[in-house]
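Since every read-out is calculated from the coordinates, none of them should be taken as a lab result. Please read these numbers as outputs of a predicted model, since none were measured by experiment. We place every Cβ from the backbone using ideal geometry, glycine too, and count neighbours over all the protein chains shown.
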Amino acid sequence: MQRAALFLILFLWFGFGYGQKQKHFADSISKKNLIKFNLTAPLLFGSGNYVLEYERVLKNNQSFSFSAGVRRLPKLVSLGLQDSAFMVRSHKSTQGFSMSADYRFYFKNRNKRNAPDGIYIGPYIDYFNVDFTNNIEVYENNVLDNQVEINSQLSVASLGFQVGYQFIIRNRFAVDMIFIGPSISKYKAKLQLSGALKPIEGNEYYEQIKEKLLEKYPLLEGALDGAVVEQSGSFNATQFGYRYVIKIGYAF
């Protein structure tokens, strides 16, 4: 929510300043194709995330866009605890991917220029999939207690509605911000555990691992509930989702 509020503040500040300067521009935009780079993906999930988007203007106030890219989850760092420690010896993340598409309706009366410049609304669909593995060594009083390998698979399919604002600067450069994007999302997750921990009385390793994993990977919440303390867990759930995105691009 803090990031969403920040994006909204940036939108209001940038939108007001830019709106005062664009009065001298032409009423229409001749460029109907845009290539954009998603800045939010690497900022939130790390440098291994690259998503490109193509937008095509279909009418003066309507457009269609499609995006696809490589996705990875951030590396899990060491899990330090008071009386024990979980040391992450390796983190492997396969090259997951994401795809999305949306249809945009640009406001005729509110916007000073035709699409793809100005405020827009419209539906979108989105799909995200990634696998990753963490090898963890468990220490008790600085002595190796056990080794655990956690294999995870995550996928999220979303259908939603978005509100955004796109600036076209000097008829060439684009700044696209989606700041409201609620959705209904279908979550699927599977988690497998290799190398069961020793059943010591009062051992809370699993709960501690669970808490730390959820801090880094919130989407694992369903898969980490209950069954994972045995050997593996999986879940399918339909929940409310949200998206906010900042992209930069070039019009041609």
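For segment 58-64, in order, what is each residue's ³J(HN,Hα) by Karplus, 6.51 cos²θ - 1.76 cosθ + 1.60 with θ = phi - 60°, in whole Hz (x at glycine and Pro)?
The phi angles translate into 9, 9, 4, 10, 9, 8, 10 Hz.
Name all residues of segment 108-134 having a backbone nitrogen under 18 Å from the label point set 7 Å from the Cα of Val70 along its Cα→Cβ direction, giving them as ranges.
Under 18 Å, as judged by backbone N against the label point of Val70, lie 128-133 of segment 108-134.
Using label points projected 7 Å from each Cα along Cα→Cβ, tell me how many nm separate Ser47 and Thr238, to one decimal.
Calculated label separation equals 4.2 nm.
Just to check I understand the Karplus step: with θ = phi - 60° and J = 6.51 cos²θ - 1.76 cosθ + 1.60, what whole-Hz values come out for segment 96-104, glycine and proline as x?
x, 8, 9, 9, 8, 8, 8, 10, 10
Under the rule of at least 5 residues apart or a separate chain, name every residue whose amide H is placed under 5 Å from the amide H of Val51.
Asn38
Please work out how much length the chain gains when fully extended from Arg56 to Asn151, using 0.36 nm per residue of separation minus the C-alpha to C-alpha distance, in nm with one decimal.
Values: separation 95, 0.36 × 95 = 34.20 nm, distance 3.94 nm.
Contour length minus Cα-Cα distance gives 30.3 nm.
Say R0 is 25 Å: what FRET efficiency, to the nearest 0.05, do Glu215 and Asn142 get from their beta-carbon distance? Please report the intermediate quantities before stating the final value.
Details: r = 24 Å, r/R0 = 0.95.
Approximately 0.55, to the nearest 0.05.
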